[in-house]
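One structure below.
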Amino acid sequence: MRPGTRAARPERAVAVPVSAPAGGFADRVERALRHFAFRDAAPSLVRQLVTYCDLAVTWGQRLDLTAARTADELVDLLFADALAITGARAPSAGERWLDVGSGVGAPGIPIALLSRANMTLVEPREKRVAFLRTAVGTLARPDITVSRARSDRLARASCEVAVSRATLPPHEWLTEGARLATDCVWLLLAKAALPEHTSHSVLADIRYQWPLTGAERRAVCLSAGSEAGDGREKTIISAPGVR
């Protein structure tokens with residue numbers, strides 16, 4: 001290096017948005033459904049899930065919606081956690097859910113499509129809120145509410161069930177989710193451990209793989225209060241998919 005010159009900075013990797021596969025997303029969506037034993041999914045549901053993928057791809061060309069960089073990663077990220085949760089502990093009809101820090105709408109939108117939950121997507125960022133409102137409108141699901149807000153602006157006991165993915169560290173999310181929910185809180189874990197020394201009862205503990213990429217995941221449902229929540233049987237599953 002010559003005197004007086006600076007070392008060149010390493011170039012930052014440029015994120016490459018996901019492109020829709022040549023044959024569309026239907027095959028990948030159906031594989032994900034089968035992996036979690038949703039073998040008799042109605043064609044209308046498959047079409048809605050594919051439409052949701054297409055919207056994520058279109059908006060992802062100009063907005064960094066997800067960390068997914070391949071079609072397989074996108075389908076897993078959008079649907080796997082929702083399929084695991086719904087397959088193991090299906091929402092009751094009309095049950096009020098919050099998906100906090102919803103971002104691209106997962107797992108909230110797929111949970112609403114797979115069940116009769118009353119879903120609210122909570123997201124503070126304007127561009128992501130615009131995507132969520134477009135997705136809800138395109139999917140013709142006016143029953144799914146989009147709220148532009150931070151969770152700490154929401155009232156205590158705003159829902160029966162709260163879920164969030166990677167918005168806060170697990171122990172912080174459990175505290176915040178328990179404030180928001182009256183029944184239970186879902187923690188979605190990759191490498192993070194379940195918070196220790198908690199007084200919240202474990203209602204479901206599911207270990208599974210994302211079907212297309214094989215990523216190991218864990219979803220844990222804990223009571224919102226210090227006592228067991230809704231009286232349903234505790235669910236413990238350790239398998240590639242929830243059966």
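The values are calculated or read from the model by the stated rules, or taken from the named source; none is laboratory data. Keep in mind that this is a model prediction, so the values were computed, not measured. FYI the Cβ positions are ideal-geometry reconstructions off the backbone, even for glycines, and counts take in every protein chain you see.
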From the options T70, T58, residue that is among the hydroxyl-bearing types (S, T, Y), over 22 Å from L189 (Cα atoms) and surrounded by fewer than 20 Cβ atoms within 10 Å (Cβ to Cβ): T58
Check on R165, among the basic types (K, R) and at pLDDT 95 or above: no
Conditions (1) among the aliphatic types (A, V, I, L, M); (2) surrounded by fewer than 20 Cβ atoms within 10 Å (Cβ to Cβ); (3) modelled with pLDDT of 95 or more; number of the one not met by L114: (2)
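So for segment 58-65 (the condition being in contact (Cβ under 8 Å) with a residue 12 or more places away in the chain and among the β-branched types (V, I, T)), does at least one residue qualify? Reasoning before the result, please.
To start, the set of residues in segment 58-65 that are in contact (Cβ under 8 Å) with a residue 12 or more places away in the chain comprises 59-61, 63-65.
Checking which are among the β-branched types (V, I, T) leaves us with none.
No - not one qualifying residue is present in segment 58-65.
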Filtered residues of segment 203-219 (kept if buried (at least 20 other Cβ atoms within 10 Å of the Cβ) and in contact with a helix residue (DSSP H, G or I) (Cβ under 9 Å, 6 or more places away or on another chain)): A204, I206, Y208, W210, P211, L212, A219
Candidate set: segment 73-95, residues that are within 20 Å of D143 (Cβ to Cβ) and over 13 Å from the mean Cα position of the chain (by Cα); chosen: the one surrounded by the most Cβ atoms within 10 Å (Cβ to Cβ): P91
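Suppose we filter A181, A166, A130 for residues that are touching a residue at least 60 places away in the same chain (Cβ under 8 Å), out of contact with any strand residue (DSSP E or B) (no Cβ under 6 Å at 6 or more places or on another chain) and of a type outside the set (V, I, T); which single one remains?
Checking each option against the conditions leaves just A166.
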Failed condition for L74, given (1) without any contact (Cβ under 8 Å) to a residue 60 or more places away in the chain; (2) at positive phi: (2)
Among the candidates L139, L98, residue that is crowded, with 20+ Cβ neighbours inside 10 Å and at pLDDT 95 or above: L98
Test: E176 is more than 18 Å from W97 (Cα to Cα), surrounded by fewer than 20 Cβ atoms within 10 Å (Cβ to Cβ), at pLDDT 95 or above and acidic (D, E): no
